[in-house]
Amino acid sequence: MYIVIIGGGRIGYYLTKTLLNEGHEVVIVEKEAPLVETLNNEFGSVCVQGDGCELATLIKVGTERADMFIAVTGEDPDNLVSCQIAKHRFNVKRTVARIRNPINEPLFKKLGVDVIVSGTNVILEYIQDEVPTHSLTHLLDIEEGEAIVVIKIPENAETIGQPIRNLEISDDNKLLLVINADRKNRIPTKNTIIKAGDRIIATTTRDKEEDLRRSLTGLE
């Protein structure tokens, strides 16, 4: 998928990192030159300096071919305006906007923004529902060497029907939350049964991510 992100701050940064790791094509629009330089130094030439509310900028980044348009600046009016341009000028099918003030949500809905969210993880969850993903999704780094990941249990997982206590999970990993196929959340215990479609949110170290995936799915 080709995804345009407006806003290169903390949320834009983590979204870009995750989406690039998933193999998507991403471009970021950011006003501030220092942020543009930082993003391009880390991710390559993915960030364009400009105003996401300006038509010329959105033409420059190829918004007409975008599959998804995500506005995550710190300003609700900017996010609304840029999504409106993407939707009505470029016919982007999916627009996602961050809001900081909940009082603005009815207006965003009335003006046709497809998804209105207020945090990084909610945006990522929406994207993961919309597009095919690998069984392990790296969400973000929380400190040196440690990360938060989501592992989806596929239909062919060998661990389905087993309690967590039967799985070989190292002490480096901590299971935080299980989201089942019906989007119901529960805190995992040793007696929690693994089910197809579960998404398990966990902390782990970067070098142990694949080990954790294998432990939870039983698959290589």
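Quick note: the coordinates plus some simple rules give every number you see, no bench work behind them. These figures come from a predicted structure and were not determined experimentally. Using ideal geometry, Cβ is built from the backbone for each residue, glycine included, and neighbour counts are taken over all protein chains shown.
From the phi angles alone, apply the Karplus equation (6.51, -1.76, 1.60; θ = phi - 60°) to segment 160-174 and give each ³J(HN,Hα) in whole Hz, x where the residue is Gly or Pro.
4, x, 9, x, 4, 4, 7, 8, 8, 10, 6, 5, 6, 10, 9
Per DSSP H run of n ≥ 4, the term is -39500 (n - 2.57); total these for the chain, divide by its residue number, and report the mean residue ellipticity at 222 nm rounded to 500 deg cm²/dmol.
For the chain, the value works out to -9000 deg cm²/dmol.
What does the convex hull of the Cα atoms come to per residue for segment 55-109, in Å³?
Given the Cα convex hull of segment 55-109, per-residue volume reads 70 Å³.
Taking θ as phi - 60°, what are the ³J(HN,Hα) couplings along segment 24-35 by the Karplus curve (6.51, -1.76, 1.60), each to the nearest whole Hz, with x for Gly and Pro?
My calculation for segment 24-35 gives 7, 8, 10, 10, 10, 10, 9, 6, 7, 4, x, 5 Hz in order.
For a Förster distance of 41 Å, can you work out the FRET efficiency between the beta-carbons of residue 59 and residue 135, rounded to the nearest 0.05?
0.65
Can you give the Rg and Dmax of segment 2-130 based on its C-alpha atoms, in angstrom?
13.1, 39
If the label point is 7 Å along Cα→Cβ of residue 165, which residues in segment 177-220 have backbone nitrogen under 14 Å from it?
Only 189-194 pass the distance filter.
Quick one: work out Rg over Rh on the C-alpha atoms of segment 1-64, Rh as Kirkwood radius.
My calculation puts Rg/Rh at 0.93.
At a threshold of 8 angstrom on Cα-Cα distance, excluding pairs fewer than six apart, so keeping six or more, what relative contact order does the chain reach in percent?
Relative contact order of the chain: 15 percent.
Most exposed first by the Cβ proxy, i.e. fewest other Cβ within 10 Å, how do 216, 176, 80 rank?
Going from least to most buried by this count: 176, 80, 216.
Can you pull the Rg over Rh of the chain, Cα-only, Kirkwood?
Ratio of gyration radius to Kirkwood radius for the chain: 1.02.
So what are segment 136-217's ellipsoid semi-axes, whole angstrom, largest first, if each one is the square root of 5 times an eigenvalue of the alpha-carbon gyration tensor?
Each semi-axis is the square root of five times an eigenvalue, giving 19, 13, 12 Å.
Of the beta bridges DSSP finds with both residues in the chain, what % are antiparallel, to the nearest 5?
50 percent
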